[in-house]
Amino acid sequence: MHAKIAVLPGDGIGPEVTTEAVALLDVVAHLYNHQFEFETAPIGGNAIDSTGTPLPEMTLTLAKQSDGVLLGAVGGPRWDKEPAHRRPETGLLALRKGLDVFANLRPIQVFSNLVDASPLKREIVDGVDMLIVRELTGGLYFGRPRGRTEGPDGIDVVDTLQYSEREIRRILKLGFEIAEKRRRSLTSVDKANVLESSRVWREVAEAMAQDYPKVKLSHQLVDSAAMQIVRDPKRFDVVVTENLFGDILSDEAAVITGSIGLLPSASLGADGPGIYEPIHGSAPDIAGQGVANPLATMLSAAMLLRHSLGLEQEAQVVEDGVRRVLEEGARTPDLTGSSIGKADVIGTEEMAKRVREAVKKVAEDKAKNAG
Ligand SMILES: NC(=O)c1ccc[n+]([C@@H]2O[C@H](COP(=O)([O-])OP(=O)(O)OC[C@H]3O[C@@H](n4cnc5c(N)ncnc54)[C@H](O)[C@@H]3O)[C@@H](O)[C@H]2O)c1
Ligand SMILES: CC(C)[C@H](C(=O)O)[C@@H](O)C(=O)O
Ligand SMILES: [Mg+2]
């Protein structure tokens, strides 16, 4: 197959990890006889520096014309004090909105030989397999009015948590559909004891549940969900929630897996290209050191193969390759707490190289077994 992939490396460790994901996709293309055409464009802080805006028109156009977007991360302290229109994060939000990718899938899976990487007890994390379905283009991130004015008590500031029923319905529909294909349990997380938006969210979910009789729908308040996610994560199958709650809960859930450097994501719309990015940020504290864990971005590339290109076998080969290198003991520093050189602690490039080699071996083994 021929596919055009837009590569948006972004800032900090973004370029370090996307380089490795592209190299991996090249290996997959070679193994399975696909033509992947990569085109790179700026987004975030580097785009502000080079063009004055965090999402240049040409970047959005390229993304729209692609079959899938592979993104690193944006942001960094250099741009933190800038006004909203010159902040890297504004570019990312505009890209998500521009592609109308309203559903952000964040799988939280524990690799069996990484159970000890988590600070949580082995019996809590072993076997966790949950999926956070985060609404991505509404809620507090986009509601209007928003901004600051001078009031009698100093600055008066407002952010708005706004959803239309249509937006709530489409994300819940996806939550139900995915739950039907998994363990048939859907936890809708809200703050219905306080927020009107959450009350409507619950009402819509209740009404929709009639159409999905096989799915067990439950509601949970976000504060208690935050506690249960680290206390007893195995109780969750699919979690569906609004934008900000999903952002916070997914970083929290990263603790279960051992590192935020492991968690991929897919952002999908009704049609058009999806965006594939790690859930972590630009990690300014380790940028440029060659120690960032590339696996979240490489696993995001697997999600691109699956969701945007329909290449399920290729996606699985990448995931099996990652599992294999972890089984062999390879660890980036975030997974061990030790530094490079100790035991099998390796940097970004070496980890990525081992995954590429493992992917080749997995593909060979599969071909042998099939033949
Ligand atoms: N999707 C995105 O582009 C995205 C996501 C989150 C944060 N951000 C931005 O990134 C900047 C930094 O944010 P932050 O520090 O709060 O969050 P962060 O996710 O960048 O980093 C949090 C911690 O996790 C570590 N970490 C993150 N990714 C890692 C990896 N792949 N390997 C090893 N360690 C890793 C970092 O070193 C840091 O200690 C901010 O400007 C923020 O807005 C961007
Ligand atoms: C950088 C920021 C805008 C972004 C978000 O809040 O969505 C990030 O935290 C994420 O999780 O992708
Ligand atoms: Mg986040």
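Considering region 118-162, and only residues there that are out of contact with any Phe, Trp or Tyr (no Cβ under 9 Å at 6 or more places or on another chain) and at positive phi, the residue that is most open to solvent (accessible area, probe 1.4 Å) turns out to be Gly127.
The criterion of at least 3 residues that are under 22 Å from Gly274 (Cβ atoms) and modelled with pLDDT of 95 or more is met, among helices (runs of 4 or more DSSP H) falling completely within region 109-214, by 165-181.
A quick yes/no check of all residues on (1) open to solvent by 70 Å² or more (accessible area, probe 1.4 Å); (2) farther than 30 Å from Pro333 by Cα; (3) touching a Pro at 6+ places or on another chain (Cβ under 6 Å); (4) aromatic (Phe, Trp, Tyr):
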site	(1), (2), (3), (4)
Val110	no, no, no, no
Glu180	yes, yes, no, no
Thr187	no, yes, no, no
Val194	yes, yes, no, no
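The set of residues from region 200-217 being in contact (Cβ under 8 Å) with a residue 24 or more places away in the chain and surrounded by 14 or more Cβ atoms within 10 Å (Cβ to Cβ) comprises Val200, Trp201, Val204, Ala205, Met208, Ala209, Tyr212, Val215, Lys216, Leu217.
Condition check ((1) out of contact with any strand residue (DSSP E or B) (no Cβ under 6 Å at 6 or more places or on another chain); (2) under 24 Å from Asp100 (Cα atoms); (3) not polar (S, T, N, Q)) across all residues:
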site	(1), (2), (3)
Leu174	no, yes, yes
Ser185	no, no, no
Val189	no, yes, yes
Val204	yes, yes, yes
His219	no, no, yes
Val239	no, yes, yes
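Can you name the number of the only condition in (1) more than 18 Å from Ser265 (Cα to Cα); (2) assigned to a helix (DSSP H, G or I); (3) within 16 Å of ligand 3 (Cβ to nearest atom) that Val17 fails? Checking Val17 against (1) more than 18 Å from Ser265 (Cα to Cα); (2) assigned to a helix (DSSP H, G or I); (3) within 16 Å of ligand 3 (Cβ to nearest atom), the one that fails is (1).
For region 331-349, a residue qualifies if it is closer than 22 Å to Ala301 by Cβ and either open to solvent by 70 Å² or more (accessible area, probe 1.4 Å) or over 23 Å from the mean Cα position of the chain (by Cα) (or both), and the qualifying residues are Ile346, Glu349.
Within region 231-276, the set of residues being over 21 Å from Ile168 (Cα atoms), open to solvent by 10 Å² or more (accessible area, probe 1.4 Å) and within 11 Å of ligand 2 (Cβ to nearest atom) comprises Asp251, Ile260.
Somewhere in region 44-52, is a residue farther than 24 Å from Asp285 by Cβ and not polar (S, T, N, Q)? Among the residues of region 44-52, at least one is farther than 24 Å from Asp285 by Cβ and not polar (S, T, N, Q), which makes the answer yes.
Applying the condition of being touching a strand residue (DSSP E or B) at 6+ places or on another chain (Cβ under 9 Å) and more than 10 Å from Leu8 (Cα to Cα) to region 65-81 and asking which residue is nearest to ligand 1 (Cβ to nearest atom) yields Gly75. Would it be correct to say that Ala283 is within 14 Å of ligand 2 (Cβ to nearest atom) and not polar (S, T, N, Q)? Answer is yes for this residue.
Yes or no: region 177-186 includes at least one residue that is on the phi > 0 side of the Ramachandran plot and not aromatic (Phe, Trp, Tyr). Yes, region 177-186 contains a residue that is on the phi > 0 side of the Ramachandran plot and not aromatic (Phe, Trp, Tyr). A single entry from Leu25, Leu92, Leu70, Leu99 fulfils the requirement of being within 16 Å of ligand 3 (Cβ to nearest atom) and open to solvent by less than 30 Å² (accessible area, probe 1.4 Å): Leu92.
Just one of the listed residues (Arg106, Arg96) is outside any helix (DSSP H, G or I) and among the charged types (D, E, K, R), and it is Arg106.
The values are calculated or read from the model by the stated rules, or taken from the named source; none is laboratory data. Quick caveat: nothing in here was measured; it's all calculated off a predicted structure. Positions of Cβ are generated from backbone atoms using ideal geometry, with glycine treated the same way; all protein chains shown enter the neighbour counts. Surface accessibility is based on the protein's heavy atoms, side chains included, excluding ligands, DNA and RNA. Shrake-Rupley method; radii C 1.70, N 1.55, O 1.52, S 1.80 Å.
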